[in-house]
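The structure appears right after this line, and notes come after that.
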């Protein structure tokens, strides 16, 4: 009588593994999460989340938007002007470990 060994399923991690370096991709929406275009103001709660995520050494912070790539320089200038820390800017939706987005859940400014 042979005993069947139960295989332990590896739990999928929210961390990406690239050549032995593990990190989490934190995708943060630009419009109405970090920046209010109608008022030309930073959203403080979004800025705190972005800067806090940036400070953790195993996080890779990506600011993303549905705006066209022609808006890239404007976005970069605003992020620098409001002292929002990030690793990359992407003008499209991307795969990430975690998302911070005003449409994902109730987000209070």
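Just so you know, all these numbers are worked out from the coordinates, no wet-lab data involved. Owing to the predicted nature of the structure, the values given are computational and were not obtained by experimental measurement. When we count neighbours, we look across all protein chains shown, and the Cβ atoms used for this are built from the backbone with ideal geometry, even at glycine.
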I'd like the antiparallel share, as a percent to the nearest 5, of DSSP beta bridges with both residues in the stretch 23-100. 15 percent
Per-residue counts of other Cβ atoms within 10 Å, averaged by peptide: what ranking do you get for 25-33, 54-62, 42-50, 69-77, highest first? 25-33, 42-50, 54-62, 69-77
If you take the Cα Rg of the stretch 23-100 and divide it by 2.2 N^0.38 Å, with N the number of residues, what do you get? 0.99
